[in-house]
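Only one structure is covered here, and it is reproduced in the block below.
The values are calculated or read from the model by the stated rules, or taken from the named source; none is laboratory data. None of these values were measured; they are calculated from a predicted model. So basically every Cβ, Gly included, is an ideal-geometry build from the backbone, and we count neighbours across all protein chains shown. Each accessible area value is taken on the protein alone, full model and side chains, heavy atoms only, with ligands, DNA and RNA left out. Shrake-Rupley method; radii C 1.70, N 1.55, O 1.52, S 1.80 Å.
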Amino acid sequence: MTNEAAPTLVPAVPYAGTRRAAGRAAGVLAEIAALVGGAALVLSAAPVLVLLRLLLPVLPGPVRAVARLVLLYGVYLVVFELPVLWAVLRLRVTPPPAGQGQFQTHLPVLRRASARFFGPGLTALGLRPQVEQPVLDPDRPVVLLMRHAGVLNTQLALHFMVNRLERVPHAICKRAVTADPALAALIRPLALYPIRWDTAGRFRALRHLMGIGRELGAGDVAVVFPEGTNFSRRRQRRSAAGAEGAVAGGCVLPAMSGGARAVLAAAPEAQIVFVGHTGLEDLLPWRLGAGYPSSGRGRFRVACWSVERSEVPRGKDEFARWLDLQWVAMDRWVRAARAERG
(Lines give C-alpha, C1' and ligand atoms only; values in the text may rest on other atoms or scores of the structure.)
Protein backbone atom coordinates (compact mmCIF):
# COMPACT_ATOMS: atom_id res chain seq x y z
CA MET A 1 0.00 0.00 0.00
CA THR A 2 1.49 3.35 -1.08
CA ASN A 3 1.13 6.50 0.95
CA GLU A 4 0.30 9.25 -1.59
CA ALA A 5 -0.39 12.83 -0.66
CA ALA A 6 -3.89 13.98 -1.39
CA PRO A 7 -4.08 16.37 -4.34
CA THR A 8 -4.37 20.03 -3.45
CA LEU A 9 -7.63 21.54 -4.61
CA VAL A 10 -7.21 25.05 -6.05
CA PRO A 11 -10.39 27.10 -6.02
CA ALA A 12 -11.50 28.18 -9.44
CA VAL A 13 -10.90 31.83 -10.21
CA PRO A 14 -13.19 33.43 -12.78
CA TYR A 15 -11.41 34.46 -15.93
CA ALA A 16 -10.77 38.17 -16.26
CA GLY A 17 -12.43 38.04 -19.66
CA THR A 18 -15.57 36.60 -18.09
CA ARG A 19 -15.65 39.37 -15.52
CA ARG A 20 -15.22 42.01 -18.22
CA ALA A 21 -17.98 40.45 -20.29
CA ALA A 22 -20.26 40.41 -17.26
CA GLY A 23 -19.44 44.07 -16.62
CA ARG A 24 -20.21 44.98 -20.23
CA ALA A 25 -23.48 43.07 -20.10
CA ALA A 26 -24.45 44.89 -16.92
CA GLY A 27 -23.59 48.19 -18.56
CA VAL A 28 -25.72 47.37 -21.60
CA LEU A 29 -28.67 46.39 -19.41
CA ALA A 30 -28.33 49.61 -17.41
CA GLU A 31 -28.25 51.68 -20.59
CA ILE A 32 -31.29 49.86 -22.00
CA ALA A 33 -33.16 50.43 -18.74
CA ALA A 34 -32.23 54.14 -18.74
CA LEU A 35 -33.26 54.50 -22.38
CA VAL A 36 -36.63 52.79 -21.91
CA GLY A 37 -37.31 54.60 -18.64
CA GLY A 38 -36.33 57.96 -20.09
CA ALA A 39 -38.49 57.47 -23.18
CA ALA A 40 -41.46 56.48 -21.01
CA LEU A 41 -40.92 59.54 -18.83
CA VAL A 42 -40.79 61.87 -21.84
CA LEU A 43 -43.96 60.42 -23.33
CA SER A 44 -45.87 60.63 -20.07
CA ALA A 45 -44.59 64.11 -19.15
CA ALA A 46 -44.81 65.69 -22.62
CA PRO A 47 -48.21 67.38 -22.08
CA VAL A 48 -47.03 68.85 -18.76
CA LEU A 49 -43.80 70.13 -20.33
CA VAL A 50 -45.66 71.77 -23.22
CA LEU A 51 -48.08 73.42 -20.79
CA LEU A 52 -45.23 74.68 -18.59
CA ARG A 53 -43.48 76.21 -21.61
CA LEU A 54 -46.65 78.02 -22.66
CA LEU A 55 -47.32 79.35 -19.17
CA LEU A 56 -43.70 80.22 -18.37
CA PRO A 57 -43.90 83.97 -19.16
CA VAL A 58 -46.87 84.52 -16.80
CA LEU A 59 -45.81 82.35 -13.86
CA PRO A 60 -44.78 84.13 -10.63
CA GLY A 61 -41.05 84.33 -9.90
CA PRO A 62 -40.48 81.34 -7.55
CA VAL A 63 -42.79 79.07 -9.56
CA ARG A 64 -41.20 80.19 -12.82
CA ALA A 65 -37.74 79.24 -11.50
CA VAL A 66 -38.86 75.70 -10.70
CA ALA A 67 -40.72 75.42 -14.02
CA ARG A 68 -37.61 76.50 -15.97
CA LEU A 69 -35.50 73.88 -14.20
CA VAL A 70 -38.06 71.15 -14.97
CA LEU A 71 -38.17 72.28 -18.60
CA LEU A 72 -34.37 72.34 -18.78
CA TYR A 73 -34.05 68.72 -17.74
CA GLY A 74 -36.96 67.74 -19.96
CA VAL A 75 -35.17 69.25 -22.96
CA TYR A 76 -31.89 67.71 -21.82
CA LEU A 77 -33.55 64.30 -21.69
CA VAL A 78 -34.95 64.66 -25.21
CA VAL A 79 -32.00 66.20 -27.07
CA PHE A 80 -29.01 64.85 -25.11
CA GLU A 81 -29.71 61.92 -22.80
CA LEU A 82 -31.87 59.69 -24.98
CA PRO A 83 -29.98 60.29 -28.26
CA VAL A 84 -26.65 59.53 -26.56
CA LEU A 85 -27.94 56.31 -25.00
CA TRP A 86 -29.46 55.19 -28.31
CA ALA A 87 -26.26 55.96 -30.23
CA VAL A 88 -24.04 54.19 -27.67
CA LEU A 89 -26.24 51.09 -27.73
CA ARG A 90 -26.02 51.02 -31.52
CA LEU A 91 -22.23 51.31 -31.31
CA ARG A 92 -22.12 48.34 -28.94
CA VAL A 93 -23.73 46.05 -31.52
CA THR A 94 -22.20 47.56 -34.67
CA PRO A 95 -18.56 46.80 -35.52
CA PRO A 96 -16.57 50.05 -35.75
CA PRO A 97 -15.02 51.04 -39.08
CA ALA A 98 -11.54 49.70 -39.72
CA GLY A 99 -8.89 51.55 -37.76
CA GLN A 100 -11.34 53.26 -35.40
CA GLY A 101 -11.53 52.66 -31.67
CA GLN A 102 -14.09 53.71 -29.10
CA PHE A 103 -12.73 57.23 -28.92
CA GLN A 104 -13.24 57.87 -32.64
CA THR A 105 -16.76 56.43 -32.61
CA HIS A 106 -17.99 58.06 -29.39
CA LEU A 107 -16.61 61.58 -29.89
CA PRO A 108 -19.08 62.42 -32.72
CA VAL A 109 -21.92 61.27 -30.44
CA LEU A 110 -20.87 63.81 -27.81
CA ARG A 111 -20.41 66.52 -30.43
CA ARG A 112 -23.87 66.10 -31.95
CA ALA A 113 -25.75 65.79 -28.67
CA SER A 114 -24.06 68.69 -26.89
CA ALA A 115 -24.43 70.95 -29.95
CA ARG A 116 -28.17 70.21 -29.99
CA PHE A 117 -28.60 70.94 -26.29
CA PHE A 118 -26.50 74.11 -26.04
CA GLY A 119 -27.92 75.42 -29.32
CA PRO A 120 -31.55 74.68 -30.22
CA GLY A 121 -32.20 73.14 -26.80
CA LEU A 122 -31.41 76.30 -24.82
CA THR A 123 -33.14 78.44 -27.44
CA ALA A 124 -36.33 76.41 -26.98
CA LEU A 125 -36.19 77.33 -23.28
CA GLY A 126 -35.96 81.03 -24.07
CA LEU A 127 -32.22 81.25 -23.29
CA ARG A 128 -30.11 83.23 -25.76
CA PRO A 129 -26.56 81.85 -25.82
CA GLN A 130 -23.80 84.39 -26.47
CA VAL A 131 -20.47 82.60 -26.68
CA GLU A 132 -17.11 84.24 -27.41
CA GLN A 133 -14.57 82.27 -29.40
CA PRO A 134 -10.99 82.47 -28.10
CA VAL A 135 -8.07 82.96 -30.47
CA LEU A 136 -5.91 79.85 -30.19
CA ASP A 137 -2.46 78.87 -31.39
CA PRO A 138 -3.03 75.70 -33.46
CA ASP A 139 0.45 74.41 -32.61
CA ARG A 140 -0.04 74.50 -28.83
CA PRO A 141 -2.26 72.56 -26.42
CA VAL A 142 -4.81 74.51 -24.41
CA VAL A 143 -5.67 74.47 -20.70
CA LEU A 144 -9.04 75.98 -19.72
CA LEU A 145 -9.54 77.39 -16.22
CA MET A 146 -13.32 77.56 -16.00
CA ARG A 147 -15.86 79.01 -13.62
CA HIS A 148 -18.22 76.55 -11.88
CA ALA A 149 -21.77 77.86 -11.39
CA GLY A 150 -25.28 76.72 -12.16
CA VAL A 151 -26.33 73.44 -13.76
CA LEU A 152 -24.67 71.07 -16.24
CA ASN A 153 -21.17 72.56 -15.97
CA THR A 154 -19.50 69.30 -17.04
CA GLN A 155 -21.65 69.13 -20.15
CA LEU A 156 -20.93 72.79 -20.91
CA ALA A 157 -17.18 72.23 -20.61
CA LEU A 158 -17.32 69.20 -22.91
CA HIS A 159 -19.41 71.09 -25.45
CA PHE A 160 -17.01 74.03 -25.38
CA MET A 161 -13.98 71.77 -25.89
CA VAL A 162 -15.29 69.56 -28.68
CA ASN A 163 -17.59 71.93 -30.59
CA ARG A 164 -16.35 75.48 -30.00
CA LEU A 165 -12.63 74.68 -29.83
CA GLU A 166 -12.86 71.50 -31.95
CA ARG A 167 -10.16 69.82 -29.88
CA VAL A 168 -9.69 66.50 -28.13
CA PRO A 169 -11.02 66.83 -24.56
CA HIS A 170 -9.16 65.82 -21.39
CA ALA A 171 -10.61 66.21 -17.90
CA ILE A 172 -11.31 64.72 -14.53
CA CYS A 173 -14.73 64.89 -12.92
CA LYS A 174 -16.45 63.95 -9.70
CA ARG A 175 -17.78 60.40 -9.69
CA ALA A 176 -21.26 61.80 -9.05
CA VAL A 177 -21.30 62.83 -12.72
CA THR A 178 -21.63 59.16 -13.67
CA ALA A 179 -25.11 59.16 -12.13
CA ASP A 180 -26.11 60.57 -15.52
CA PRO A 181 -26.36 57.40 -17.67
CA ALA A 182 -25.47 59.22 -20.90
CA LEU A 183 -22.32 60.78 -19.45
CA ALA A 184 -21.41 57.47 -17.81
CA ALA A 185 -21.61 55.82 -21.24
CA LEU A 186 -19.28 58.44 -22.76
CA ILE A 187 -16.73 58.98 -20.00
CA ARG A 188 -14.74 55.76 -20.36
CA PRO A 189 -14.50 55.74 -24.20
CA LEU A 190 -13.41 59.40 -24.14
CA ALA A 191 -10.76 58.77 -21.45
CA LEU A 192 -12.28 61.16 -18.91
CA TYR A 193 -11.53 60.26 -15.31
CA PRO A 194 -14.27 60.12 -12.64
CA ILE A 195 -12.82 60.68 -9.15
CA ARG A 196 -14.35 60.01 -5.74
CA TRP A 197 -14.08 63.41 -4.06
CA ASP A 198 -12.56 62.42 -0.72
CA THR A 199 -9.04 62.98 0.64
CA ALA A 200 -7.54 60.05 -1.27
CA GLY A 201 -9.51 61.03 -4.38
CA ARG A 202 -8.06 64.54 -4.33
CA PHE A 203 -4.53 63.12 -4.38
CA ARG A 204 -5.51 60.86 -7.29
CA ALA A 205 -6.98 63.88 -9.05
CA LEU A 206 -3.68 65.75 -8.83
CA ARG A 207 -1.82 62.73 -10.24
CA HIS A 208 -4.31 62.41 -13.09
CA LEU A 209 -4.02 66.12 -13.87
CA MET A 210 -0.23 65.90 -14.00
CA GLY A 211 -0.55 62.91 -16.31
CA ILE A 212 -3.01 64.80 -18.51
CA GLY A 213 -0.62 67.75 -18.69
CA ARG A 214 2.29 65.54 -19.77
CA GLU A 215 0.22 63.97 -22.55
CA LEU A 216 -1.23 67.18 -23.99
CA GLY A 217 -0.24 67.96 -27.56
CA ALA A 218 -1.34 70.25 -30.34
CA GLY A 219 -5.05 69.69 -30.90
CA ASP A 220 -5.68 68.75 -27.25
CA VAL A 221 -7.48 70.71 -24.55
CA ALA A 222 -7.82 70.11 -20.81
CA VAL A 223 -10.25 71.79 -18.42
CA VAL A 224 -9.91 72.52 -14.70
CA PHE A 225 -12.56 74.03 -12.41
CA PRO A 226 -10.42 75.82 -9.81
CA GLU A 227 -13.40 76.44 -7.51
CA GLY A 228 -13.85 72.67 -7.22
CA THR A 229 -17.61 72.79 -6.72
CA ASN A 230 -20.76 74.64 -7.70
CA PHE A 231 -21.37 78.19 -6.51
CA SER A 232 -23.87 78.80 -3.73
CA ARG A 233 -24.19 81.65 -1.26
CA ARG A 234 -23.78 79.22 1.65
CA ARG A 235 -20.51 77.88 0.26
CA GLN A 236 -19.32 81.39 -0.54
CA ARG A 237 -19.90 82.57 3.04
CA ARG A 238 -18.30 79.45 4.48
CA SER A 239 -15.22 80.07 2.33
CA ALA A 240 -14.98 83.79 2.97
CA ALA A 241 -13.22 83.61 6.33
CA GLY A 242 -10.04 82.02 4.99
CA ALA A 243 -10.00 83.33 1.45
CA GLU A 244 -8.76 86.46 -0.26
CA GLY A 245 -9.71 88.67 -3.15
CA ALA A 246 -12.21 86.76 -5.23
CA VAL A 247 -14.65 86.00 -2.44
CA ALA A 248 -15.02 89.70 -1.66
CA GLY A 249 -16.94 90.11 -4.92
CA GLY A 250 -19.53 87.57 -3.96
CA CYS A 251 -20.11 85.99 -7.40
CA VAL A 252 -17.45 83.28 -7.32
CA LEU A 253 -15.96 80.82 -4.87
CA PRO A 254 -12.24 81.08 -4.02
CA ALA A 255 -9.99 79.37 -6.54
CA MET A 256 -7.98 76.40 -5.28
CA SER A 257 -4.60 76.39 -6.96
CA GLY A 258 -3.56 72.73 -6.69
CA GLY A 259 -5.25 71.30 -9.77
CA ALA A 260 -4.48 74.23 -12.05
CA ARG A 261 -0.83 74.29 -10.98
CA ALA A 262 -0.49 70.51 -11.45
CA VAL A 263 -1.65 70.49 -15.06
CA LEU A 264 0.12 73.71 -16.04
CA ALA A 265 3.43 72.61 -14.52
CA ALA A 266 3.25 69.40 -16.55
CA ALA A 267 2.29 71.27 -19.75
CA PRO A 268 4.72 74.20 -19.99
CA GLU A 269 3.83 74.89 -23.65
CA ALA A 270 0.07 75.07 -23.10
CA GLN A 271 -1.93 78.18 -23.86
CA ILE A 272 -3.93 79.29 -20.81
CA VAL A 273 -7.52 80.38 -21.37
CA PHE A 274 -9.89 81.53 -18.63
CA VAL A 275 -13.56 80.77 -19.30
CA GLY A 276 -16.29 82.70 -17.52
CA HIS A 277 -19.97 82.00 -17.92
CA THR A 278 -23.15 83.31 -16.39
CA GLY A 279 -26.84 82.56 -16.83
CA LEU A 280 -26.98 78.90 -15.86
CA GLU A 281 -26.92 79.85 -12.17
CA ASP A 282 -30.26 81.63 -12.65
CA LEU A 283 -31.85 78.20 -12.99
CA LEU A 284 -30.99 77.63 -9.30
CA PRO A 285 -31.95 81.04 -7.84
CA TRP A 286 -32.37 79.70 -4.29
CA ARG A 287 -28.61 79.05 -4.21
CA LEU A 288 -27.63 82.61 -5.08
CA GLY A 289 -28.90 84.40 -1.98
CA ALA A 290 -29.47 88.08 -1.37
CA GLY A 291 -27.03 90.45 -3.00
CA TYR A 292 -26.25 88.32 -6.06
CA PRO A 293 -26.54 90.70 -9.04
CA SER A 294 -29.64 90.37 -11.16
CA SER A 295 -29.47 89.77 -14.89
CA GLY A 296 -31.61 90.23 -17.96
CA ARG A 297 -34.00 87.32 -18.30
CA GLY A 298 -33.01 84.65 -20.79
CA ARG A 299 -29.32 85.51 -21.20
CA PHE A 300 -26.52 82.96 -21.15
CA ARG A 301 -23.02 84.29 -21.79
CA VAL A 302 -19.61 82.65 -22.14
CA ALA A 303 -16.43 84.76 -22.37
CA CYS A 304 -12.75 83.83 -22.71
CA TRP A 305 -9.45 85.58 -22.14
CA SER A 306 -5.88 84.35 -22.41
CA VAL A 307 -2.78 85.10 -20.35
CA GLU A 308 0.84 84.78 -21.38
CA ARG A 309 2.88 81.94 -19.86
CA SER A 310 5.52 84.48 -18.86
CA GLU A 311 3.00 85.98 -16.42
CA VAL A 312 2.50 82.68 -14.54
CA PRO A 313 4.65 82.31 -11.39
CA ARG A 314 6.36 78.98 -10.73
CA GLY A 315 6.42 79.03 -6.94
CA LYS A 316 3.49 77.45 -5.10
CA ASP A 317 2.54 80.50 -3.01
CA GLU A 318 3.16 82.93 -5.85
CA PHE A 319 0.99 80.83 -8.17
CA ALA A 320 -1.83 80.78 -5.60
CA ARG A 321 -1.73 84.59 -5.28
CA TRP A 322 -1.66 84.95 -9.08
CA LEU A 323 -4.70 82.69 -9.44
CA ASP A 324 -6.52 84.67 -6.74
CA LEU A 325 -6.01 87.81 -8.82
CA GLN A 326 -7.32 86.07 -11.93
CA TRP A 327 -10.39 85.05 -9.97
CA VAL A 328 -10.93 88.66 -8.92
CA ALA A 329 -11.04 89.42 -12.66
CA MET A 330 -13.49 86.52 -13.10
CA ASP A 331 -15.73 88.00 -10.42
CA ARG A 332 -15.64 91.43 -12.08
CA TRP A 333 -16.52 89.92 -15.45
CA VAL A 334 -19.54 88.09 -13.97
CA ARG A 335 -20.82 91.30 -12.40
CA ALA A 336 -20.29 93.32 -15.57
CA ALA A 337 -21.92 90.67 -17.78
CA ARG A 338 -24.97 90.46 -15.53
CA ALA A 339 -25.30 94.26 -15.47
CA GLU A 340 -25.51 94.47 -19.26
CA ARG A 341 -28.98 94.69 -20.78
CA GLY A 342 -30.28 93.70 -24.17
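Magnitude of the charge dipole for the chain, about its Cα centre and with charges confined to Cβ atoms of Lys, Arg (+1) and Asp, Glu (-1), is about 800 debye. Converting phi to 3J(HN,Hα) with the Karplus coefficients 6.51, -1.76 and 1.60 and the offset θ = phi - 60°, the stretch 158-164 yields 5, 4, 4, 5, 8, 9, 6 Hz in sequence order, with x at every glycine or proline. Beta bridges from DSSP with both residues in the chain: antiparallel share about 25 percent, rounded to the nearest 5. Taking every alpha-carbon pair under 8 Å whose residues sit at least 6 apart, the chain reaches a relative contact order of 19 percent. Under the membrane-span-like helix rule (DSSP H runs whose alpha carbons stretch at least 27 Å along the helix axis, mean Kyte-Doolittle hydropathy -1.0 or higher), the chain yields 16-55, 316-339.
Let me check against my output: what whole-number percent is the relative contact order of the stretch 165-310, with C-alpha pairs under 8 Å and at least 6 apart? Value for the stretch 165-310: 21 percent. Using the Cα gyration tensor of the stretch 35-116, with a ≥ b ≥ c the square roots of its eigenvalues, what is the shape: rounded (a/c below 1.5), prolate (a/b larger than b/c) or oblate (neither)? Here the stretch 35-116 falls in the prolate category.
Projecting the Cα atoms of Leu284, His106, Phe300 onto the dipole axis of the chain, where Lys and Arg carry +1 and Asp and Glu carry -1 at the beta carbon, places Leu284 farthest toward the positive end. Roughly how many percent of the accessible protein surface of the chain is carbon and sulfur, given a 1.4 Å probe and a whole-percent answer? Roughly 61 percent, rounded to a whole number. Farthest toward the positive end of the dipole of the chain, out of Gly211, Gly315, Leu59, is the Cα of Leu59, where the dipole comes from beta carbon charges about the Cα centre. The sum of -39500 (n - 2.57) across all DSSP H runs of n ≥ 4, divided by the residue count of the chain, sets its helix-only mean residue ellipticity at 222 nm to -15000 deg cm²/dmol. Once the gyration tensor of the Cα atoms in the chain is diagonalised, the equivalent ellipsoid follows with semi-axes of 37, 29, 20 Å, ordered largest first.
Along the charge dipole of the chain, which of Val88, Leu72, Ala157 sits closest to the positive end, that is, farthest toward it, with unit charges on the beta carbon of Lys, Arg, Asp and Glu (+1, +1, -1, -1)? Farthest towards the positive end: Leu72.
Between the exposed loop cleavage positions of the chain, defined as trypsin sites (Lys or Arg not before Pro) in a non-H, G, I, E, B DSSP state with at most 14 neighbouring beta-carbon atoms within 10 angstrom, the longest gap is 1-195.
Dipole magnitude for the stretch 41-152: about 240 debye, using +1 per Lys or Arg Cβ and -1 per Asp or Glu Cβ, origin at the Cα centre.
According to the Cα-based calculation, Rg over Rh for the stretch 134-236 is 0.95, with Rh computed by the Kirkwood formula. Based on protein heavy atoms only, the chain ends up with 52 Å² per residue of surface accessible to a 1.4 Å probe. Counting only protein heavy atoms and using a 1.4 Å probe, the accessible area of Glu215 comes to about 140 Å². Assuming charge only on the beta carbon of Lys and Arg (+1) and of Asp and Glu (-1), the dipole of the stretch 190-342 about its Cα centre is about 620 debye to the nearest 20.
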